[in-house]
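Working notes, structure below.
The values are calculated or read from the model by the stated rules, or taken from the named source; none is laboratory data. Source: prediction; values computed, not measured. Cβ atoms come from the backbone with ideal geometry, glycine included; neighbour counts cover every protein chain shown. To get the accessible areas, we keep the full protein, side chains included, count just its heavy atoms, and leave off ligands, DNA and RNA. Shrake-Rupley method; radii C 1.70, N 1.55, O 1.52, S 1.80 Å.
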Amino acid sequence: MHEHADMLILGGTILTMDDQGTIIHHGGIAVRHGELLYVGTEEEARRRFQAPETLRADSCLLIPGLINAHTHAPMTVYRGLADDLPLDVWLKEYIWPAEGRTVNPHMVYWGTLLAADEMIRAGTTLFVDMYFFEDDIGRAASDAGMRALLGEALVEFPSPNAKTPAEGLAYVRASLERWAGHPLVRPILQPHSTYACSPDLLMRSKALADEFGVPWLIHCCETRQEIEDVRRQTGKPPVALLDSLGILDSHVIFAHGVHLTEEEIALLGERGVSIVHCPESNMKLASGVAPVPRLLQAGVNVAFGTDGAASNNDLSLWGDMRTAAMLHKVASGDPTVLPARQVFWMATRGAAKAFGLDDRLGSLEAGKRADVVMIDLCRPNLIPMYEPYSHLVYALHPSDVRTVIIEGRLVMRDWEILTFDEEEVFCKIGEMAEELGRQWGRDTDWRKAMGQ
Ligand SMILES: [Zn+2]
């Protein structure tokens, strides 16, 4: 007698990312109601289960979906608008004016669908976003079949979506209620930074996060300038300020954490604060090199984020994993730091742990949610394969990702996106880019690129 499953994935090698680091050859996975019902061998899966849909994974590697722990999804619209500039010029003369003219629900919806397209194609199944009009970002993620943690950026000054901090907090409260119980989308709290938020807003946002039992993420210690500014404004550097407000605990996540003292690193380890490392964004904006090997030694949990497409300029986590593995070797003069397996652990288990999702996501184990990425190994850059972690971090191209399943649903099969019309997204973005390009005297050429 067979047990019923919705889908079977048979053949291939399963990199489970469980605590033992189990790798299963000739694997078999059964999925039911969005959950991993069974993860083991093909032989046993065939014997025990039957399903209306079977995927073959021969010559493929099956991995848990990647988690992009910090991004600004709609900023895909500003990709390549301005590069190679000092941070203040980049922000004040390009990004902020562009945002001032164009950020609205329409822009964030389509910008997020473009981001979802790029992330799904690169094997990312969950992204943690910080921007404005996050309900529309959640709508785009849900339409794309992608998981998202929404972070309406809370700031002291008027934002495109809220005239006051109180309005911003009210928006997040309504959003937390609206999305309650949604299988893919969940709002969390994201005050922008210690320089853009008053201590009162920082504390009120943390109280709201604790009331709903959700994580609290903030940009922190990204640049030296930020630390000086916060010290001038409040008399304390950012970490001491947050500590004095009683905010630092294991539900707190810092995006960046580039400039940290030894004492601050020890404190973060003690309090269980996680760091999202964004090496490509930090390198491109010349922010500095985050002390990742020291953080890991101090027991700080570290995940990866791409940051927005305006400062990376892509949303593939593979690039950030590879960059991190190399950057910390050259920065420390030690080629043994950040080995490939640890780097891949950070992009899956580490990220799940940072957001309190380790019991649901981050590995392929029975009982967890079915977010499965299939990588085609019949590629010149992946042959031969002695060690899968090495390939994942040092040799893989995002286009080697063949099929993506999120919450048990096929969102991409054999490189074809199944949940939305990719071409429609390109056209909508093209129209917005034409408008923006005109303001900066650039010809975007998108109609020619689309054959129109
Ligand atoms: Zn950011």
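Restricting attention to segment 277-287, the residues being away from the ligand (no atom under 14 Å from the Cβ) and closer than 13 Å to ALA325 by Cα number 0. Apart from one condition, ARG47 fits all of (1) more than 16 Å from the ligand (Cβ to nearest atom); (2) in contact (Cβ under 8 Å) with a residue 24 or more places away in the chain; (3) within 25 Å of ALA30 (Cα to Cα); the exception is (2).
For ALA352, the conditions (1) of a type outside the set (Ser, Thr, Tyr); (2) in contact with an Asp or Glu (Cβ under 6 Å, 6 or more places away or on another chain); (3) open to solvent by 10 Å² or more (accessible area, probe 1.4 Å) all hold with the exception of (3).
Filtering GLU167, GLU177, GLU93 for residues that are surrounded by fewer than 20 Cβ atoms within 10 Å (Cβ to Cβ) and at pLDDT below 95 leaves a single hit, GLU93. Would you call ASP400 open to solvent by 30 Å² or more (accessible area, probe 1.4 Å) and among the charged types (D, E, K, R)? Here the answer is no, as ASP400 does not meet what is asked. Scanning segment 288-306 for residues that are open to solvent by 10 Å² or more (accessible area, probe 1.4 Å) and within 16 Å of the ligand (Cβ to nearest atom) gives a single hit, GLY288.
The sole residue among ASP143, ASP136, ASP129 that is assigned by TED's automatic domain parsing to the domain that holds PRO74, within 30 Å of PRO64 (Cβ to Cβ) and in contact with a strand residue (DSSP E or B) (Cβ under 8 Å, 6 or more places away or on another chain) is ASP129.
Being in contact (Cβ under 8 Å) with a residue 60 or more places away in the chain and either closer than 21 Å to LEU66 by Cβ or more than 16 Å from the ligand (Cβ to nearest atom) (or both) holds for only one residue in ILE253, ILE265, and it is ILE253. Check whether at least one residue in segment 330-342 is surrounded by fewer than 21 Cβ atoms within 10 Å (Cβ to Cβ), β-branched (Val, Ile, Thr) and assigned to a helix (DSSP H, G or I), and report yes or no. Yes - at least one qualifying residue is present in segment 330-342.
Where helices (runs of 4 or more DSSP H) fall entirely within segment 124-219, those with at least 2 residues that are of a type in the set (Ser, Thr, Tyr) are at 165-178. Among the candidates HIS106, HIS72, HIS26, the residue that is open to solvent by 60 Å² or more (accessible area, probe 1.4 Å), in contact with a helix residue (DSSP H, G or I) (Cβ under 9 Å, 6 or more places away or on another chain), assigned by TED's automatic domain parsing to the domain that holds PRO183 and at pLDDT 95 or above is uniquely HIS106.
Selection of segment 34-58 for residues being outside any strand (DSSP E or B) and surrounded by 16 or more Cβ atoms within 10 Å (Cβ to Cβ) yields GLY34, GLU42, ALA45, ARG48, ALA51, ALA57. Within segment 122-155, restricting attention to residues that are touching a Pro at 6+ places or on another chain (Cβ under 6 Å) and not hydroxyl-bearing (Ser, Thr, Tyr), the residue that is farthest from HIS192 (Cα to Cα) is ALA122. Has segment 355-377 got at least one residue that is farther than 28 Å from GLY181 by Cα, open to solvent by less than 50 Å² (accessible area, probe 1.4 Å) and out of contact with any strand residue (DSSP E or B) (no Cβ under 8 Å at 6 or more places or on another chain)? So far as segment 355-377 goes, no, none of its residues is farther than 28 Å from GLY181 by Cα, open to solvent by less than 50 Å² (accessible area, probe 1.4 Å) and out of contact with any strand residue (DSSP E or B) (no Cβ under 8 Å at 6 or more places or on another chain).
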